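A.B. asks: After the structure tokens below, expect a handful of questions from me.
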Amino acid sequence: MTSPDTATPRALPLWRAAEAARMGWLEYRAVQTPAGLLGATLPRGVLQILFFTTLAGVLAGPGHREYAFAGSLVLALSGTNVNGVVAVPVLDKQYATFARVRTGALPPTVTQIARALPYPVMGWLLLVVQGAIAAPLLGMTDFALRLLPWAWVYALMALTLSVLGLAGATMTVGRRADVVAPNILVYLVMLCSGAIVPPGRVAWVDAVGQVLPARHGLDAVRAATAGRPWLGDLGLEAAAGAGFTVLAAVSILVQARRASRHGHDDFE
């Protein structure tokens, strides 16, 4: 069996990235315990879906419930992903381990992004379960089945929302705002993504939503279920995710170079 020490140079970085992702999974399991996932995260998402869908039906009429159900899935996703992925830079801050990250064989950007991968995967899996529980309680099983073929678009949004949270946390980890900033981003997603309130009501909300993840992904889902063209919206969602991935990578690199220049990783 080939060991990492005897692997070809081409295969070695891939093996190291896979090990970084495996470490991220172990960190995820330590932070997000089964009791926490099943006792808090899962029911919280179900309650969010029930609340926002029911509220929309009461305030805007029964015809708005399908619109709100599709959007409330994103609201549940933003809480688990944008906020959850904060643990990647915050754990390094708490345990002073960023020096090992920035001096490792892999570039620190690759290491941190690989460690963040469990969050979109688990966030999407939780969302599928949450939607499956909430839909029959709302009497919307038929609509949920119509959404099911487009669950992969929600997987893309899980990824784009995770890189949004990673970018927000890494940009503010040295300013003691690494937890506050992602929470602000969650509320911006709630307000500006068109999850509950349709676009076109407030100009600045629409403008912010154009650059944030989830807005275009939701547009793609709604267009697809209505039989309208959706590829353009999907491309815009992917572009938003790519932009925040670059922002996260740059902020990680800046932090690493600043730490090397000052000779410490105190993040303050």
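The values are calculated or read from the model by the stated rules, or taken from the named source; none is laboratory data. No experiment lies behind these values; they were computed from the predicted model shown. Positions of Cβ are backbone-derived with ideal geometry, glycine not excepted, and every protein chain shown enters the neighbour counts. Only protein heavy atoms, including side chains, enter the accessible area calculation; ligands, DNA and RNA are left aside. Shrake-Rupley method; radii C 1.70, N 1.55, O 1.52, S 1.80 Å.
A.B. asks: Among LEU26, LEU236, GLY45, whose Cα lies farthest out toward the positive end of the dipole of the chain, if unit charges sit on the beta carbon of Lys, Arg (+1) and Asp, Glu (-1)?
C.D. replies: Toward the positive end, the furthest listed residue is LEU26.
A.B. asks: At a probe radius of 1.4 Å, what is the per-residue accessible area of TRP15, in Å² to the nearest 10?
C.D. replies: Roll a 1.4 Å probe over it and TRP15 shows about 110 Å².
A.B. asks: Quick check: residue separation of LEU125 and ALA30 times 0.36 nm, minus the Cα distance between them. What number comes out in nm?
C.D. replies: 32.4 nm
A.B. asks: Which trypsin sites (Lys or Arg not before Pro) from segment 154-234 combine a DSSP loop assignment with at most 11 other Cβ atoms within 10 Å?
C.D. replies: Filter output for segment 154-234: ARG176, ARG201.
A.B. asks: Tilt of helix 180-192 relative to the longest C-alpha principal axis of the chain, in degrees (0 to 90, nearest 10)?
C.D. replies: Helix 180-192 sits roughly 30 degrees off the main axis of the chain.
A.B. asks: Sorted by average packing, counted as other Cβ atoms within 10 angstrom per residue and highest first, what order do 238-247, 27-36 take?
C.D. replies: 238-247, 27-36
A.B. asks: Can you work out ³J(HN,Hα) from phi for every residue in segment 240-249, in order, using Karplus 6.51 cos²θ - 1.76 cosθ + 1.60 and θ = phi - 60°, giving whole Hz and x for Gly and Pro?
C.D. replies: Each residue's phi maps through the Karplus curve to give 4, x, 5, x, 6, 5, 4, 4, 5, 4 Hz.
A.B. asks: If contacts are Cα pairs under 8 angstrom and at least 6 residues apart, what is the relative contact order of the chain in percent?
C.D. replies: 23
A.B. asks: Arranged from highest to lowest average of other beta-carbon atoms within 10 Å per residue, in what order do the peptides 64-73, 128-137, 142-151, 248-257 appear?
C.D. replies: 64-73, 248-257, 128-137, 142-151
A.B. asks: Could you tell me the extents of the chain's C-alpha atoms along the three principal axes, largest first, rounded to whole Å?
C.D. replies: 60, 46, 37
A.B. asks: Using a Förster distance of 35 angstrom, determine the FRET efficiency expected from the C-beta separation of ARG146 and LEU253, and round it to 0.05.
C.D. replies: Efficiency computed from Cβ-Cβ geometry: 0.25.
A.B. asks: While we're looking at this one, here's another question. To test your reading of the geometry: what angle, between 0 and 90 degrees and rounded to tens, separates the Cα axis of helix 118-138 from the longest principal axis of the chain?
C.D. replies: The angle comes out at about 20 degrees.
A.B. asks: With +1 assigned to the C-beta of every Lys and Arg and -1 to the C-beta of every Asp and Glu, and no other charges, what is the dipole magnitude of the chain about the Cα centre in debye, to the nearest 20?
C.D. replies: On the way: 20 positive and 14 negative charges, 61 e Å.
In debye, rounded to 20, the chain gives about 300.
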